[in-house]
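Everything below concerns the one structure shown next.
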Amino acid sequence: MKRIIAGILAVLVLVGCGGRAEETPNKTINETAESTNIYAEDAQQLVYAVHAAHPVFVLDKVTPKYEAAEAEFLENAPNAEDKDEFALMVRKYMVSLDDEHTQPWADGAESLENLTRCKLDLLCSYENGKLYIRNEDGTSSESYITAIQGVDIEHIFETVEEYYPFENSESKAFYYRNAPMYSGVLKLCGCDLEIESEEAEVVCNDKTLTVKFIDYGVQESEDDVKHDTADVRLVGDILYIDVNSFREKDDKYAETLARIQDHAQNGVKKVILDLRGNGGGYPWIVAETMRAFGTNLPVGESINRHSTDEWETCKKDLKTASQDMTFTENAGSLNSARVNPDIDLAVLCDVNSMSASVIICAGVQDGKLGTVIGRSPHNSPSFYAGVLYYTLPETGIKVQISGSYIMRADKVAPQDVFVPDIVTEPGENSLKYTIEQYYNETFNENDWE
């Protein structure tokens, strides 16, 4: 069975496209109130960097939420008592763009690392404004959480919204059901907890539970599977391609492409491309993967602020660069899609299918290249990406900022939430569904371990 190592921590370090992060400056930070000038300087430089890089400003899509967050950040940063407090301010400011690709790196400060260090050993689902405890089969029970460690769940939701990006309704549901489980997030909400706390009291509508914290490791996905490495194999007459990332173009990747091409040339008729838990990567790797079995994705329009080389120049004078509203617009073409009529393609996705994997899902659907099966990702099908990197000069906190906006090829289709052609039930294994219901074959679990 496919294994997925994904979840919130992976989202915090989404890479997308772009250059290499700079080395952290080798300087000592006096982490007291006396260093407020350091934080004020870094706050201003970060705001310049965001304005210089992010497409939201050239697209005229700046929201009141962002404007308020920017003003609050610049006002409060000089009063930060230490780097950890400032790092949380950075996170709160950056996620106000509601862009999964624009965030500080999780290892930038201890306060950021602690956000997801430990989690309550509890799986939940967010439905109709309530946080339900999930049954073992992945369905929602009748018990919903009203408070955790004495703090009302509505206040916890408000705090989650301040520190996590909400691209769409799926993103909101994803973070509402996951972020309240983390001890670092609960501390931000005012819960009486230490990072080393072993348990917390969870109050529900019908009972009170004492739930243990566990070290952060594996985050369950919607259909209760976990990630492994890339895998290409023929099971009966079905070619199964499990790709967990489109980030590395190495010998393993070349071998994967060669094996896909061999099977396609040898007449395979049924292909499953499993993108559950795929965190994304580089679009050109996506294109090569699709061409390996004889298909082309349609191309959506895109807006680009800077290339990697241009960004290096911008960083030398961010104040000036922040005033430059020029950009490059790349035309798309829905007609560039090419179907392989000899292959019945099924693409699997889940809530953790992100970035470049969403490009594939939307492209397959828009170009009518196959059938997408599973659950909606919490990344929008038209989204900010093309990550550019910046290191704050005084504190050394590393951040990533989107430099591009990639649009779905089919402009008539929903741009906010991607909905698979076949939506599986919560907790349902979409691979099993595809074998049994889509291809009408027998699912033997031992064949897919």
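The values are calculated or read from the model by the stated rules, or taken from the named source; none is laboratory data. Computed from a prediction, not measured in an experiment: that's the story for all the values here. We place every Cβ from the backbone using ideal geometry, glycine too, and count neighbours over all the protein chains shown.
Residues in the stretch 359-368 that are in contact with a strand residue (DSSP E or B) (Cβ under 6 Å, 6 or more places away or on another chain), touching a residue at least 60 places away in the same chain (Cβ under 8 Å) and either in the same structural domain as residue 174 (by TED's automatic domain parsing) or more than 16 Å from residue 170 (Cα to Cα) (or both): 364 only. Scanning the stretch 401-419 for residues that are in contact with a Ser or Thr (Cβ under 7 Å, 6 or more places away or on another chain) and in contact (Cβ under 8 Å) with a residue 60 or more places away in the chain yields 401, 402, 404, 405, 406, 407, 408, 416, 417, 418. Restricting the stretch 265-291 to residues that are buried (at least 20 other Cβ atoms within 10 Å of the Cβ) and of a type in the set (A, V, I, L, M), the residue that is nearest to residue 367 (Cα to Cα) is 290. Please enumerate the residues belonging to the stretch 355-405 that are farther than 20 Å from residue 421 by Cβ, among the polar types (S, T, N, Q) and in a strand (DSSP E or B). Listed by number, the residues that qualify are 391, 400, 402, 404. Taken over the stretch 155-214, the criterion of being assigned to a loop (DSSP other than H, G, I, E, B), modelled with pLDDT of 95 or more and among the hydrophobic types (A, V, I, L, M, F, W, C) is satisfied by 166 alone.
Do we have residue 286 as more than 25 Å from the chain's Cα centre (by Cα) and over 19 Å from residue 55 (Cα atoms) here? Answer is no for this residue.
Residue 141 meets the conditions (1) of a type in the set (S, T, N, Q); (2) touching a Pro at 6+ places or on another chain (Cβ under 8 Å); (3) assigned to a strand (DSSP E or B) in every case but one. The failed one is (2).
For the stretch 296-310, give me each residue that is touching a strand residue (DSSP E or B) at 6+ places or on another chain (Cβ under 7 Å), surrounded by fewer than 22 Cβ atoms within 10 Å (Cβ to Cβ) and not aliphatic (A, V, I, L, M).
Quick first cut of the stretch 296-310, residues touching a strand residue (DSSP E or B) at 6+ places or on another chain (Cβ under 7 Å) only: 296, 298-306.
In the following step, the residues that additionally are surrounded by fewer than 22 Cβ atoms within 10 Å (Cβ to Cβ) were identified as 296, 301-304.
Listed by number, the residues that qualify are 296, 301, 302, 304.
Looking across the stretch 338-368, the residues that are surrounded by fewer than 24 Cβ atoms within 10 Å (Cβ to Cβ), of a type in the set (A, V, I, L, M, F, W, C) and closer than 20 Å to residue 433 by Cβ come down to 343, 345. For the stretch 409-427, the criterion of a residue being part of a strand (DSSP E or B), of a type in the set (Val, Ile, Thr), assigned by TED's automatic domain parsing to the domain that holds residue 299 and in contact with a helix residue (DSSP H, G or I) (Cβ under 8 Å, 6 or more places away or on another chain) is satisfied by at least one position.
Within the stretch 134-155, no residue satisfies the criterion of being closer than 23 Å to residue 192 by Cβ, buried (at least 18 other Cβ atoms within 10 Å of the Cβ) and either under 23 Å from the mean Cα position of the chain (by Cα) or free of Cβ contacts under 8 Å to residues at least 12 places away in the same chain (or both).
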